[in-house]
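The values are calculated or read from the model by the stated rules, or taken from the named source; none is laboratory data. These numbers come from a predicted model, not from an experiment. FYI the Cβ positions are ideal-geometry reconstructions off the backbone, even for glycines, and counts take in every protein chain you see.
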Amino acid sequence: MALSIAEELKGRAESLLAQLGLEVRVHTPAGKRIPPFDLLTTVEQGGCSAKLPPDVLFEALGRLTVPTDPNLLVGIGTGDDAGVYRLTDEIALIETTDFFPPVCSDPYDFGQIAAANALSDVYAMGGKVLTAMNLVMFPACGIPFEALHEIVRGGQDKVLEAGGLLVGGHTIADYPPKYGLAVTGVVHPDRLINNANAEPGQALILTKPLGTGALVAGQRLGQAAAADYQRALDSMKQLNRAAAEIMQEFSVRAATDITGFGLLGHALNIAKASGVTVEIDTTLIPSLPGALELLDAGCIPGASFRNLSHVEESCDFAPELTYTRKMLTLDPQTSGGILLCAPADRAEAILAELLKRCCPASAIIGRTSSLGRKYLVVR
């Protein structure tokens, strides 16, 4: 009787998985060959493209009562990259979390990218990573459990590279799989970098090329060149640690990292929080190889159009701006670079250090100015 019930339940599970386009895969003992599994086949929107539309998010958060505390240095009010709480006159905690569905096929790469993306928020605030905790959503069947091990191993390796410690986490059964981290960092309260400290007359430096959203979309559609897609993976796996160190060396006080809301979405956060206009020259923006061609061919993530809807009322787009360049500024980035506001007299020196030490695609892409008719000016 018990056997027949078990067989019936197994049959129902197999039927459900078949409807979802999955197949039953049995846990493989250590040392055995792992059945091939492409994580990218489990998602329609991977990485930071899976974020809720910014308008929806900000409307929901806007209804909350913003907490007040003299030690809360950064809360939810400015849409910044992390929360910051002062513990002492010399120590402030940085707290952040990020997770998302697969952005690539390989589980280990996915773990590294998701971790780098979560760690980036600490670096955008000018901080140092201390600890991280896993956030894991993974199906109880249908995907090899070795894939879960590889995801978490990739995350742990990236946390160790960041100089932090992975100290625990939480899991739930869910499909498609999702992975990320809750991260704690530290910064001196007087050396905090946030999105509300920009001033008119500063140079805007972007540390990584744009285009990860287009290249992931192109990979899913079979249109991305293998070498171009690999460069996107390499870019997403790169930590923003060295960029944070350079910002501190040059006393930069305003920055943000570029992720799912695209360059313009995150630039808008700086403009609104700081009360300035952000001017961007799209001809100066670095892009990943193949990204512009894919955008021109129509490989545009749905999140790009949601990002456009969010920024268009606050943005003055030049009439001569090409559609492809416009969509590049809206492309949702996963584990993107830092957009930093550099004092004009230090901008070239900062750029030189970034180019020499860590970020060979870094470029000055615009400037801040006194607040005008629009928060963003894009040409």
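The condition (being in a loop (DSSP other than H, G, I, E, B), surrounded by fewer than 18 Cβ atoms within 10 Å (Cβ to Cβ) and at pLDDT 95 or above) is satisfied by just one residue among D316, D345: D345.
Residue pairs whose Cβ atoms lie under 9 Å apart, separated by 6 or more positions or on different chains, with the first residue in region 52-79 and in contact (Cβ under 8 Å) with a residue 12 or more places away in the chain and the second β-branched (V, I, T) and part of a loop (DSSP other than H, G, I, E, B), are L61/I76; L64/I76; I76/V66. With the checklist (1) in a loop (DSSP other than H, G, I, E, B); (2) on the phi < 0 side of the Ramachandran plot; (3) touching a Ser or Thr at 6+ places or on another chain (Cβ under 8 Å) in hand, flag the one item V167 doesn't pass. Every condition holds for V167 apart from (1).
Say whether the condition of being touching a His at 6+ places or on another chain (Cβ under 7 Å), closer than 26 Å to A198 by Cβ, at pLDDT 85 or above and not in a helix (DSSP H, G or I) is met by at least one residue in region 72-90. Don't jump to the end; show me each part of the working.
Let us first name the residues in region 72-90 that are touching a His at 6+ places or on another chain (Cβ under 7 Å), namely 90.
Subsequent filtering for residues that are closer than 26 Å to A198 by Cβ retains 90.
Add one more test, that the residue is at pLDDT 85 or above, and what stays is 90.
Filter once more, keeping what is not in a helix (DSSP H, G or I): 90.
Checking region 72-90: at least one residue is touching a His at 6+ places or on another chain (Cβ under 7 Å), closer than 26 Å to A198 by Cβ, at pLDDT 85 or above and not in a helix (DSSP H, G or I).
Evaluating V278 against the criteria (1) closer than 19 Å to I364 by Cβ; (2) out of contact with any Phe, Trp or Tyr (no Cβ under 9 Å at 6 or more places or on another chain) leaves one unmet condition, (2). Annotation note: of R367, R373, R325, R346, the sole residue that is out of contact with any Phe, Trp or Tyr (no Cβ under 7 Å at 6 or more places or on another chain), in contact (Cβ under 8 Å) with a residue 60 or more places away in the chain and not assigned by TED's automatic domain parsing to the domain that holds F58 is R367. In region 97-106, of all residues being out of contact with any Pro (no Cβ under 9 Å at 6 or more places or on another chain) and surrounded by 24 or more Cβ atoms within 10 Å (Cβ to Cβ), the one that is farthest from A226 (Cα to Cα) corresponds to D98.
Within region 108-123, track down each residue that is of a type in the set (S, T, N, Q) and either within 17 Å of K51 (Cα to Cα) or touching a strand residue (DSSP E or B) at 6+ places or on another chain (Cβ under 6 Å) (or both).
Restricting attention to region 108-123, the residues satisfying the condition of being of a type in the set (S, T, N, Q) are 112, 117, 120.
Passing the criteria: N117, S120.
When I151 is tested against (1) of a type in the set (V, I, T); (2) touching a Phe, Trp or Tyr at 6+ places or on another chain (Cβ under 6 Å); (3) in a loop (DSSP other than H, G, I, E, B), just one condition goes unmet, and that condition is (3).
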